[in-house]
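Encoded as structure tokens, the structure appears first; notes follow it.
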Amino acid sequence: MTVDVNLGILISAMGTALGAVPALLLSNLSHRFKDNLLAYSTGIMVAASTYALIPATLKLSNMLVLTLGILLGTLTLTLLELLLPHVEADHRNHPSHQANPLLLITAMAIHNIPEGLSVGVSYASQFEELGSLVAFSIGLQNLPEGFLVCLFLVANRVSRAKAFLYTAFTGVIELISSLAGLQLTDQYLGLVPYGLAFAAGAMLFVVYKELIPESHGDGNERSATFAFVLGLLTMIFITDLSL
């Protein structure tokens, strides 16, 4: 591993903690703003999957590998959601109960593991720019994600210090999964296309199963849709510059 790879992985994972900082200072944000922020980050994840991970998989392998990897990623995330007790961050302005941080961390781990894997596997691929591109896109997506998670914890009467630490810890989970993905595929290069497709499938599962319904569930569908498109275009623009 080079210094650049280590630094890229670290910066990407730190996005969650950096995003949490403004949440310690702000309060009473509108639900529309939260939905739009979530939708924007969702657009980035979709573009990272479809314009980076999936094309790289096809360049390294074929449609069969892509199909198997995406289905395996989707199935794995489905099983994790069914087997692991967790609670999703419901960004309502007036929470009716106190959040359980451990259950929320589990939910974030389910989200962050495929994101981290996508970064690690991308760095292990033969495409020099792919690792940096995916790391940047996931780090960018982690900023609003960390903000919303920390804000949710503060709103549910978790102290600001603990809310920040819990949110930052989810970034540590992503860091570990990035390093695991890098080490595994670096040792077994034949797994790289499967790993890329797996990460794409897992992230698309999170997008469609959790993030889009959450951003569209409270009457903000139109503005959230525009925010999603802006996130998608942001990532496409970055991809066009990088590759």
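The values are calculated or read from the model by the stated rules, or taken from the named source; none is laboratory data. A quick note: this is a predicted structure, and the numbers were derived from the prediction, not measured. We place every Cβ from the backbone using ideal geometry, glycine too, and count neighbours over all the protein chains shown. Please note that ligands, DNA and RNA were not included when accessible areas were found on the heavy atoms of the full protein model with its side chains. Shrake-Rupley method; radii C 1.70, N 1.55, O 1.52, S 1.80 Å.
Out of (1) at pLDDT 85 or above; (2) over 18 Å from the mean Cα position of the chain (by Cα); (3) open to solvent by 10 Å² or more (accessible area, probe 1.4 Å), the odd one out for Met1 is which?
Of (1) at pLDDT 85 or above; (2) over 18 Å from the mean Cα position of the chain (by Cα); (3) open to solvent by 10 Å² or more (accessible area, probe 1.4 Å), only one is false for Met1: (1).
Against the conditions (1) under 19 Å from Glu115 (Cβ atoms); (2) surrounded by 20 or more Cβ atoms within 10 Å (Cβ to Cβ), where does Ala224 fall short? Just the number, please.
(1)
Which members of segment 58-72 meet the condition of being within 24 Å of the chain's Cα centre (by Cα) and either open to solvent by less than 50 Å² (accessible area, probe 1.4 Å) or of a type outside the set (D, E, K, R) (or both)?
Leu58, Leu60, Val65, Leu66, Thr67, Leu68, Gly69, Ile70, Leu71, Leu72
Looking only at segment 189-234, which residues are of a type in the set (Ser, Thr, Tyr) and farther than 25 Å from Ser178 by Cα?
Ser215, Ser223, Thr225
Within the set of pairs 6 or more residues apart or between chains, which connect a residue that is within 11 Å of Thr239 (Cα to Cα) and free of Cβ contacts under 8 Å to residues at least 60 places away in the same chain inside segment 32-51 to a residue that is open to solvent by 10 Å² or more (accessible area, probe 1.4 Å) and of a type in the set (Phe, Trp, Tyr) with Cβ atoms less than 8 Å apart?
none
Could you list all residues from segment 155-177 that are of a type in the set (A, V, I, L, M), surrounded by 21 or more Cβ atoms within 10 Å (Cβ to Cβ) and closer than 20 Å to Leu37 by Cα?
Passing the criteria: Ala155, Ala163.
Got a sec? Which of Ala107, Ala99, Ala89 is touching an Asp or Glu at 6+ places or on another chain (Cβ under 7 Å), open to solvent by less than 20 Å² (accessible area, probe 1.4 Å), modelled with pLDDT under 90 and of a type in the set (Gly, Ala, Ser)?
Criteria check complete, one pass: Ala107.
Would you mention how many residues in segment 4-23 are at pLDDT below 90 and either open to solvent by 40 Å² or more (accessible area, probe 1.4 Å) or charged (D, E, K, R) (or both)?
Count: 3.
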